[in-house]
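Input: a single structure, listed below in structure tokens.
The values are calculated or read from the model by the stated rules, or taken from the named source; none is laboratory data. Since we're looking at a predicted model, the values are computed, not measured. Neighbour counts run over all protein chains shown; Cβ positions are idealised from the backbone, glycine included. Quick note on the areas: whole protein, heavy atoms, side chains included, nothing else; ligands and nucleic acids left out. Shrake-Rupley method; radii C 1.70, N 1.55, O 1.52, S 1.80 Å.
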Amino acid sequence: MAKIEIIRGDITRLNVDAIVNAANRSLLGGGGVDGAIHRAAGQELLEACELLNGCDTGDAKMTPGFKLTAKHVIHTVGPVWNGGKNREKEMLASCYRQSLQIASNNSIRTIAFPNISTGVYGFPKQEAAFIAYETVQLFLTDHSEIEKVIFCCFDEENLSTYNNMVCNKAIIISVQSATEIEIVADLATTIWNEYYVPIIGKEQVNYMIKNFQSAEAIGRQIKTEKQEYYLIYHLAEPSGYICIKPTGDDLFLSKFYIIKEKRGAGLGKTGLNFIISRAKELGANAITLTVNKNNINSLKAYDKLGFKNTGSVVADIGAGFVMDDYTMRLDIKSNSPSRV
Ligand code: AR6
């Protein structure tokens with residue numbers, strides 16, 4: 001199978017048969033990598049593009065490379081990220097597939113891709129990397145005519161995302177943008193439904209999601225309640241999340257969840273080590289949390305991670321629902337797992 005390379009660099013300088021351009025539907029140039037390619041290729045590229053009649057999202061068209069070292073430019077139009085429910089993932093996969101298909105039809109043996117849609121178009125980088133890599137790998141399994149595919153990353157974040165992905169490592173990112181908040185809210189809905197319905201019932205789960213784990217509620221917690229949210233990615237898929245709140249000497253761990261199919265991959269330990277290092281940065285002496293008394297699995301998991309049961313708490317959480325939890329504590333000075 002063809003060699004896949006991950007490099008950091010300027011795609012306009014690569015010596016390959018074809019470079020891919022992350023264009024827009026007009027194909028008449030723009031900013032980002034599109035602007036850089038047009039500048040480096042010269043006016044003739046724009047003239048060639050004018051004859052193409054634009055291009056649909058997810059599709060690709062080819063021109064010569066003109067002044068570029070690369071002989072060809074394959075122009076593809078990535079999707080604008082709009083929350084993830086508008087076929088963005090399908091469209092992005094299609095960009096990689098269609099570009100490779102054009103390459104294959106034109107005897108192109110070496111091709112370089114930028115990180116399509118991850119700039120102005122706002123596609124989350126972790127997910128884009130996973131789609132890019134998976135789609136390319138799949139295409140290459142029955143296209144031996146292509147000898148080399150380069151993922152040309154321009155920014156440090158994309159480079160480390162690709163590198164971590166191929167090394168199978170978990171990545172933890174701070175949740176800041178509306179897109180990241182949406183991803184946490186989606187994960188929360190999945191996790192709370194799969195996990196809490198048997199413990200607290202569907203009605204209370206719906207109430208909790210709406211009031212505490214909707215995108216709106218999470219945005220408010222981050223903005224006005226000083227809570228910190230983190231997303232855990234594994235193989236570039238959103239796999240869990242963490243919410244912490246500094247409270248004086250302690251760090252309150254409000255939420256720490258891993259989705260079902262990712263449990264057992266060591267993400268709990270990685271997440272906890274991250275929380276401990278954040279607690280140390282904030283000068284906290286302990287991590288505290290509460291767990292529903294009937295949540296046997298979580299109680300066991302926290303016990304295994306070194307937390308001690310310190311009592312219980314009963315509180316009214318509104319709409320007639322009552323929280324009945326154990327409190328737990330991990331003294332981080334005397335019990336600090338090493339960083340992994
Ligand atoms: N070499 C390689 N990658 C680059 C370079 C370069 N010289 N310059 C930027 N990148 P973007 P999109 C990376 O915004 O999100 C244009 O205006 C950049 O770090 O170029 O698909 C088009 O005309 C990022 O990771 O493309 C469209 O209107 C990646 O290229 C729109 O932007 C893609 O970022 C397309 O948006």
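Partner aspartates and glutamates whose Cα lies under 18 Å from the Cα of residue 89, excluding those fewer than 8 positions away in the same chain, are identified as 56, 59, 127, 134, 180, 182, 186, 237.
What distance in nm separates the two pseudo spin-label positions at residue 210 and residue 303, each 7 Å out from Cα along the beta-carbon direction? Modelled inter-label distance: 3.6 nm.
What does the charge add up to near residue 299, with Lys and Arg as +1, Asp and Glu as -1, over the other residues with Cβ less than 14 Å from its Cβ? Spell out each step's value before the answer.
Values: positive: 293, 300, 304, 308, 329; negative: 303, 324, 325.
Surrounding charge for residue 299 is +2.
Answer rounded, prolate or oblate for the chain, using the Cα gyration tensor with square roots of eigenvalues a ≥ b ≥ c: rounded when a/c is under 1.5, else prolate when a/b is larger than b/c, else oblate. Prolate is the answer for the chain, as a/c is 1.5 or above and a/b outweighs b/c. With a ≥ b ≥ c taken as the square roots of the eigenvalues of the C-alpha gyration tensor of region 1-154, please select rounded if a/c is under 1.5 and otherwise prolate if a/b is larger than b/c or oblate if it is not? Because its axes are fairly even, with a/c under 1.5, region 1-154 counts as rounded.
Given a 1.4 Å probe and every protein chain left where it sits, what share in percent of the accessible area of region 1-104 is carbon and sulfur?
On the way: 2270 of 4930 Å².
After summing per-atom areas, the C and S share lands at 46 percent.
For the pair region 155-216 / region 35-101, the C-alpha centres are spaced 32 Å from each other. For the set 249, 316, the ranking by accessible area, highest first and with no ligand, DNA or RNA atoms included, is 316, 249 under a 1.4 Å probe.
In terms of its alpha-carbon gyration tensor, region 262-319 comes out oblate; a/c meets the 1.5 threshold, while b/c is at least as large as a/b.
Beta bridges from DSSP with both residues in region 1-117: antiparallel share about 40 percent, rounded to the nearest 5.
What region 34-159 shows is 44 Å² of accessible area per residue, with the surface traced by a 1.4 Å probe over protein heavy atoms.
In the chain, Cα pairs under 8 Å separated by at least six residues give a relative contact order of 13 percent.
Give me the percent of accessible area attributable to carbon and sulfur for region 265-340, probe 1.4 angstrom. Answer for region 265-340 is 51 percent, counting heavy atoms of protein chains only.
At 222 nm, what helix-only mean residue ellipticity would the chain give, in deg cm²/dmol to the nearest 500, using -39500 (n - 2.57) for each DSSP H run of four or more? If you can, show how the numbers build up before the last one.
Values: 10 runs with 132 residues, N = 340.
My calculation for the chain gives -12500 deg cm²/dmol from helical runs alone.
Listed here are the pairs 226/308; 210/245; 202/255; 269/333; 210/300; which of them are more than 22 Å apart at the Cα? Checking Cα-Cα distances, 226/308; 210/300 exceed 22 Å.
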